[in-house]
Amino acid sequence: MTSVVLIDTVLLLLVTVTAIAIIEVRNLYTSAMLTSVYSLLMALVWVNMHSMDVAFTEAAVGGGISTILLIGTLVHTAREEKPLKVRVHWKAAVVTALTGAALIYGTFDMPRFGDPKAPIHHFRVPEMMAQTVGFVNGTKGKQAPPEGFDARAYRSFNGAVTSVPDDPKDTAWRETSVLAQHGIIVPEVLGSHPQHAEAGHHLHPPDDFNGHVPNSVTSLLAAYRGYDTMFETTVIFTAGVSLIMLLRRPRREGQAQKSAPLLDQTILRVVSKMSIPFILLFGLYVITHGELGPGGGFQGGVVIACAFILYALIFGRPALYRVLPPPVIDMLTGLGVLVYSGTGAACLLLGGKFLDYSMLDTVSPGEGEALGMTLVEYGVGITVSMVMLNIFNQLAEEESR
Amino acid sequence: MTGVLGIYNYWIYVILMMIGLYGVIAKPNLIKQAIALGLFQTGIFLYYISMAVIDGGTAPVWTTVQDGAQKFQGPYDNPLPHVLILTAIVVSVSVLAVALALIINIKRRYGTIEADEIEAMDIADRLAEFHAGAAADAVDEAAAEGHGLEHAHGGHHHG
Amino acid sequence: MVDVQAHLPVLIVTVPLIGGILTIATGRGWKPWAWATFLTGTVFYFTIRLMMQVLASKTGMVSYELGNWPRQWGIEYRVDALNAFILLIVGGVGFITTIYAKLSVEKEIPADRVNFFYAVWVLAITGLLGITVTGDAFNVYVLLEISSLTVYALIAMGKDMHRGALTASLRYLILGSVGASFILLGIGYLMMITGTLNMQDMHDRLMSVPGILESRTVLVAFAFLLAGLGMKMAMFPLHMWLPRAYTYAPSAVSALLAATATKVGVYMAFRFLFTIFGVGFSFGMMPSGLVLLLCASAGILVTGVTAIRQTNLKRMLAYSSVGQLGYIVLGFALANLHGIAGSVAHIFNHAVMKGGMFMALGAVVYRTGRCDIRSVRGLGKQMPLTLAAFTVGGLGLIGFPLTAGFISKWYLVQGCLERPGGWPLAAVVLIGSLLAVVYTWRVVEAAYFQEPDPGTPPVEEAPLMMLIPMWTLIGASIYFGINATFTGHIALTAARSLLGGAP
């Protein structure tokens, strides 16, 4: 039994207990706080399964934003749920049990947890992880394959792994079976490829991004499946606009704004004033750093939103509105998606396909890819931070009426 | 690690999902339903992330070696499900935000966030509409009958 | 400049996406509407060109690899006769409904958020188009969530007319999210087993890897996808969210939803059942044909009867929509050429007929402020064109000759009879038509043979801005009823390619 499974077992038991408590507890504030705990536990589960980006997002979204949203809603709806007439809702229990049984039935033919032979580990994804997908195409815009590279054999590769060793610790199989077999990561090939023989790049594989993007999660998120991410940003934007449409009331002139209740707390004021610039800086770092390590536009955007929310909490929303007036926030909300889709459209205007970032740099396509990914990460960051801020403002305005 | 333990994670995800689904169906409180919907979705996230794990794997970020150049050193956990779940988490928080906005509006207009009470009010609304129509119909019928009677009466007179 | 032809599939989605976001910057008054009309008009133009391109191409298919990544790794847009046709429907009806929306939105939506309303409106159409054009399973989910979120918000905007809009929207949100989660789960099961997300790639893997189709994982994936899609397209026992949503949504939104949203749900079912799993698995190895036929038949009969009992006409049309969806499901569940062709043709026919009927009701609401059966009494004389549009649409629902509805029902009955022992299904189709006669007649009777309620002020005919879009759709339903060459050709082409497995 590996350590992953051991920690996993314990954590997931905790998660399950928390989940039951969330559903069963009658005080809604307790329930909301427990969802925060639940999310943090989940973030630990993700870390344990080496999914740093998801853990980061879960902590920021589940532990942070969702809880703010829930508490903000509870303030003007209800504190407690009505006592139930029946202890167990039998109809729900039956539906749930049947659905669960069906799902469990489906798990019996699944590859076991962590199985290196699972199709998902050797079909299609290894090329994305090695960032060598561009070779397959060889069309204008993506790098040409290195000399001696048998593109035909590569294209006809059906993903079947010839020999997977029984010992799971022996992981050499992947390089040998999938990549080296087709001449991708073998040093000789690297040497013969002039573009990658230059200084500083001589060891990394002849990849799609010139080695700028060691974090495969980001390369998948912003490049290979960048189109999905554009719409993910649009989903956030849609949520923001829907909230404006549903909650915002016409602004009345001369309406007395509540003064900031926490402003006379000296320690809070000084500490927050000192920490806000660093939070902002950290947010920018997370966005920019997404290509190298965990992080990216979404996580960074949430962090930046938190800085502004903290500012609004301590110094009052009028102060925030002086820095960022609501119409500006509305416009910035859309700007992020526009940056993203505009990057895609720019690639199209430069003669490539939509979101083909390699068009952005005529000399070195790999650099263009990296530039495009940075741009779209900033787009995501702008939209996410401004939507989160907008949602907070709507809920807070609701409160002050 | 064989048998049941091999698919343990897959069962936990089912349990989490079912806790959420039970909440969605059984709880009349709308906020509870929204929270339960979130749990339901995290169950699916757990499933996806579990599928990404590979024995002895590490985070799918290439390790840097001494020359300052990156090297592909497997095995890495699969990044594809991670990416999909990042998207799905964003979707779920968006859905939560819209749901809460609706709930606030419902509280404004109905004065409660308990589904059964709201349902009763909705039915009352529809009944009121229906009764208004039926009452108007009855008045019409009465008027029509009255009209008919008048005619008959008039006819009788003539006869 | 840019070669539009080469980028058509992606332009169809990105032009309204970028434009939709810019809508919030258009200010107040008529400008957001004009901008939205321009955008949807452009999209409509693109869909026409794409349709022509698909018909002209030798392979019958247009593929576009986003970011120039090979389709197995990146995301692919893949358009064949079927989705080009659905795109044309969504684009066309979207454009016409947007024109129609102006007056009813002015009346029903607060003026200070009209720009946000149209932004969400255009994004809803974007989402529907995106689902239709893509060849990637996960991209379907993301776009599905865009279209769902926008639709929740649009329905809720009926809150100023009736508070029921809020509960309708929330109920749809919860059921819709559960449905979407099932779809996400099904996609996950499939990805785990096949290792890919590209639909064509998935299909190839499912067909080529030995023993994979017998896997219990694939079976459960199939069941959950079917359940999720059933919820999304409001298939009969899973339709609970639809009647309320259509009843309380703003008039223009009801017209848009009735004509496009559930149709795209059906399209997804086509893609998952036929393109990914293949007809042999979906209707040969699985009992889904039988289940779907039962659901569809029950749906046609039950909702037909329910529709007759409604006094609120929007609700009546909503139940009728669930019933008409039953025909569409019935058609493809037959899994034979004429059944599927009838199903595809009915998607188009129902979109134009029901869209036009909802527009007519919207005009009644615009003039009288109500839409119950009493409010249309005597309106046949006061709003002759509007009520005539409603009546012609109703004739289409019945399947009266010389309307488009006749063509699709003809195919459907043919499909039913081709199936061994399928005559009870043909009987269901005919009984459903009789039920449609009854509920349409109630309105016709009230409008033409009853006097208006004493005391109700007389109303004028609907304004031209409403009549023209309304009659464009109703006119289309007559035109394509008389000249069915185009729809028939497309429907049969699509049916052949679906039965062949791959598009």
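A short reminder: the numbers here are calculations on the coordinates, not readings from a lab. Keep in mind it's a predicted model, so treat the numbers as computed, not measured. Cβ sites come from the backbone with ideal geometry, for glycine too, and all protein chains shown count toward neighbours.
Some observations on this one:
- Cα gyration tensor category, rounded, prolate or oblate, for region A:1-82 with a/c compared to 1.5: oblate
- Degrees between helix C:404-418 axis and first principal axis of chain C (Cα, 0 to 90, nearest 10): 40
- Computed from phi, the 3J(HN,Hα) profile of region C:349-362 under the Karplus parametrisation 6.51, -1.76, 1.60 (θ = phi - 60°) reads 5, 5, 4, 6, 5, 6, x, x, 5, 5, 5, 4, 5, x Hz, with x in place of Gly and Pro.
- Remark on A:GLY296: its backbone amide H falls under 5 Å from those of A:ILE287, A:GLY290, a criterion applied only to residues 5 or more positions apart or on other chains, H modelled at 1.01 Å from N.
- Per-residue Karplus couplings for region C:268-273, computed as 6.51 cos²θ - 1.76 cosθ + 1.60 with θ equal to phi - 60°, are listed in order as 4, 4, 3, 5, 5, 6 Hz, Gly and Pro entered as x.
- Computed from the C-beta positions of C:MET207 and C:GLU451 and an R0 of 60 Å, the FRET efficiency is 0.40 to the nearest 0.05.
- Each residue of region A:279-284 is assigned a 3J(HN,Hα), and the resulting list reads 4, 4, 4, 4, x, 4 Hz, derived from the Karplus form 6.51 cos²θ - 1.76 cosθ + 1.60 (θ = phi - 60°), x at Gly and Pro.
- Computed label-point distance, nm, for sites C:HIS162 and B:ALA135 using a 7 Å Cα→Cβ extension: 1.9
- Residues of region C:235-252 falling in the label zone of A:ALA102, defined by backbone nitrogen less than 20 Å from a point 7 Å along Cα to beta-carbon, are C:235-242.
- Shielding of peptide A:52-61 by partners, expressed as the average count of other chain Cβ atoms within 10 Å per residue Cβ, is 5.
- The ellipsoid that matches the Cα gyration tensor of chain C has semi-axes, each √(5λ) in whole angstrom, of 35, 26, 20, with the longest given first.
- For the pair region B:91-138 and region C:324-366, the centres of their Cα atoms are 29 angstrom apart.
- If R0 is taken as 25 Å, the Cβ-Cβ distance between A:ARG79 and A:ASP264 corresponds to a FRET efficiency of 0.35.
- Average beta-carbon neighbours from other chains, 10 Å sphere, peptide B:105-112: 5
- Here each label is just a point 7 Å from Cα along the line to Cβ, and for A:ARG249 and B:ALA124 those points are 2.3 nm apart.
- For B:TYR76, the residues whose modelled amide H falls within less than 5 Å of its own, excluding neighbours fewer than 5 places apart on the same chain, are B:THR58.
- For C:ASP136, the residues whose amide H sits under 5 Å from its own are C:GLU76, C:MET199, ignoring neighbours fewer than 5 places away on the same chain, with H placed 1.01 Å from N.
- The residue among A:THR343, A:PRO326, A:VAL302 whose Cα reaches farthest toward the positive pole of the charge dipole of region A:292-401, with charges on the beta-carbon of Lys, Arg, Asp and Glu, is A:PRO326.
- Label-to-label distance, nm, for residues given as A:ALA21 and C:TRP30 (7 Å Cα→Cβ offset): 6.1
- Given A:LYS85/C:LYS159; C:LYS102/C:LYS314; C:LYS107/C:LYS354; B:LYS107/C:LYS354, the pairs whose alpha carbons are separated by over 29 Å: A:LYS85/C:LYS159; B:LYS107/C:LYS354
- Computed over the Cα atoms of the protein assembly as shown, pair by distinct pair, the Kirkwood hydrodynamic radius stands at 29.8 angstrom.
- FRET efficiency estimate (nearest 0.05) - Cβ-Cβ, A:LEU371 to C:TRP423, R0 60 angstrom: 0.40
- Once the Cα atoms are used to define both axes, helix C:114-133 deviates from the longest principal axis of chain C by about 40 degrees.
- Within region C:256-402, all pairs of alpha-carbon atoms sorted by distance into 5 Å bins from zero give the percentages 2, 9, 17, 21, 17, 12, 9, 6, 4, 2, 1, 0.
- Cα-centre dipole for the protein assembly as shown with unit charges at Cβ (Lys and Arg positive, Asp and Glu negative), debye to 20: 1980
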